[in-house]
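Everything below concerns the one structure shown next.
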2 protein chains.
Amino acid sequence: MNFCSQCGASIKLAIPEGDNRQRHICTSCHHIHYLNPKIVAGCLPVWQDKVLLCKRSIEPRSGYWTLPAGFMENGESTRHAALRETREEANARVSNLQLYTLTSMAPVSQVQMIYLAQLDDLDFSAGDETEAVALYSEEEIPWDDLAFQTIHNALKLFFEDRKKGIFPLHHIDLERPSKPPEN
Amino acid sequence: MNFCSQCGASIKLAIPEGDNRQRHICTSCHHIHYLNPKIVAGCLPVWQDKVLLCKRSIEPRSGYWTLPAGFMENGESTRHAALRETREEANARVSNLQLYTLTSMAPVSQVQMIYLAQLDDLDFSAGDETEAVALYSEEEIPWDDLAFQTIHNALKLFFEDRKKGIFPLHHIDLERPSKPPEN
């Protein structure tokens, strides 16, 4: 961040009064520009013994398989974001959303929420950012061609939990926070 | 947003190629500035039959009671953010965090996560943004002087769940998304 998005003046890094962290502060209008983590929301759509995966057609990880997921937009709920991404990336409709993995990725300042969901029908197809969409059984999952560690985790957990028939929320911190609390 | 934070040039609203929403785009360097919801993380600290509340000394809702919570920072996990806010606002230490309420507030583009937690000891005190910190039993809670609807919800749910002895995740969408998915 180099310039103030409010007034266009230059930005300095300083600790505001009453704060304990460096912030991006405008040198002219003194607006404080906070930077916060982003939420990625998506679904793990299930159809009988199979799950729906999308082959990415955009970077990062173009050509690799993932679950339909993407950045939550302003004005949405987390469930709405997961439904929208599933529709945009796979042209698929899902029901009975249940929060399944909540993964903090501190090093990249993202929080990923994957909802377990029931695929409504087989009327799905590749969206704009997707090369292909397909249903995979556990044995068929392209484990070596998954796009992200978080997706690998969610799929592994799902097939393990399915054996037991219970699907608890999995709350995962992928790496330790850069500044752990001084408890 | 009026100016590009990268190069300082003016911003226009337009739908980028391959997108379906208006974005803030720089007229010079063409950087796309996405706006995304923010996460508020906090704790519901429990000590015997009481819960810890903080009286706010800053706006909004200065003088009203709340749970220790605040905006998640870059580089944190959600649990770390909840621990940090509890320490900053109430100088309190908590353990055994369990995600208890996940509330999407679509109209203000925030997602609030409150963790049920065990207060470690009685060594707490008001932080910089807090006027007072106190333990309240169900009968003593200042219900008419709570700062936010989400905090009211979390406390009501807690005292109800306590009667049953089970504390499931409560997943709440406070208002309908502005643009529901066209399923």
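Helix A:78-90 versus the longest principal axis of chain A: what angle, 0 to 90°, nearest 10, using Cα atoms? So the inclination is approximately 60 degrees. Here the scattering of chain B is modelled by Debye summation over its C-alpha atoms, one equal scatterer each and no solvent; at q = 0.09, 0.10, 0.13, 0.20 Å⁻¹ the log10 of I(q)/I(0) is -0.41, -0.49, -0.73, -1.31.
Helical content alone sets the calculated 222 nm signal of the protein assembly as shown at -5000 deg cm²/dmol, taking -39,500 (n - 2.57) per DSSP H segment of four or more residues and averaging over every residue. Using +1 at the Cβ of each Lys and Arg and -1 at the Cβ of each Asp and Glu in the stretch B:38-173, identify which of B:Leu97, B:Trp47, B:Leu146 lies farthest towards the dipole's positive end. Comparing the listed Cα positions along the dipole, B:Leu97 ranks first.
Inter-part distance, the stretch A:56-89 to the stretch B:25-91, computed on C-alpha centroids, equals 25 Å.
Judged by a Cβ-Cβ distance under 4.7 Å, the unpaired cysteines of chain B are B:Cys43, B:Cys54. Structural descriptor for chain B: relative contact order 21 percent, calculated from alpha carbon pairs under 8 angstrom and at least 6 residues apart. Sorted fewest first by neighbouring Cβ atoms within 10 angstrom, B:Thr27, A:Thr78, A:Thr103 come out as B:Thr27, A:Thr103, A:Thr78. For A:Lys50, the lysines whose Cα comes closer than 26 Å to its Cα, not counting residues fewer than 8 places off in the same chain, are A:Lys156, A:Lys163, A:Lys164.
Taking the Cβ of B:Phe167 as the centre, find all other residues whose Cβ is under 12 Å away and add up their charges (Lys, Arg: +1; Asp, Glu: -1). Provide the component values of the computation, followed by the final result.
Details: positive: B:Arg162, B:Lys163, B:Lys164; negative: B:Glu160, B:Asp161.
So the surrounding residues net to +1.
The lysines within cross-link reach of A:Lys38, meaning a Cα-to-Cα straight distance under 18 Å and a gap of 8 or more places when in the same chain, are B:Lys38.
The long axis of helix A:149-164 is offset from the longest Cα principal axis of chain A by roughly 40 degrees.
Rounded, prolate or oblate: pick one for the protein assembly as shown, where a ≥ b ≥ c are the square roots of the eigenvalues of its C-alpha gyration tensor, a/c under 1.5 means rounded, and failing that, prolate if a/b is larger than b/c, else oblate. Write out the running numbers ahead of the final one.
Numbers: a/c = 1.99, a/b = 1.19, b/c = 1.68.
Oblate shape, in that a/c is at least 1.5 and b/c is the bigger or equal ratio.
Comment: the Cα-to-Cβ extended label point of B:Glu131, at 7 Å, lies 6.1 nm from its counterparts in the other copies, nearest first.
Of all DSSP-defined beta bridges confined to the stretch A:38-173, some 60% are antiparallel rather than parallel. Lys and Arg at +1, Asp and Glu at -1: add these up for the other residues within a Cβ distance under 15 Å of A:Trp47 and post the number. With Lys, Arg at +1 and Asp, Glu at -1, the neighbours total -3.
Readers should treat all values here as calculations from the given coordinates under stated rules, not as data from a laboratory. Since this is a predicted model, take the numbers as computed values, not measurements. Here Cβ is always computed from backbone atoms with ideal geometry, including for glycine, and neighbour counts include all displayed protein chains.
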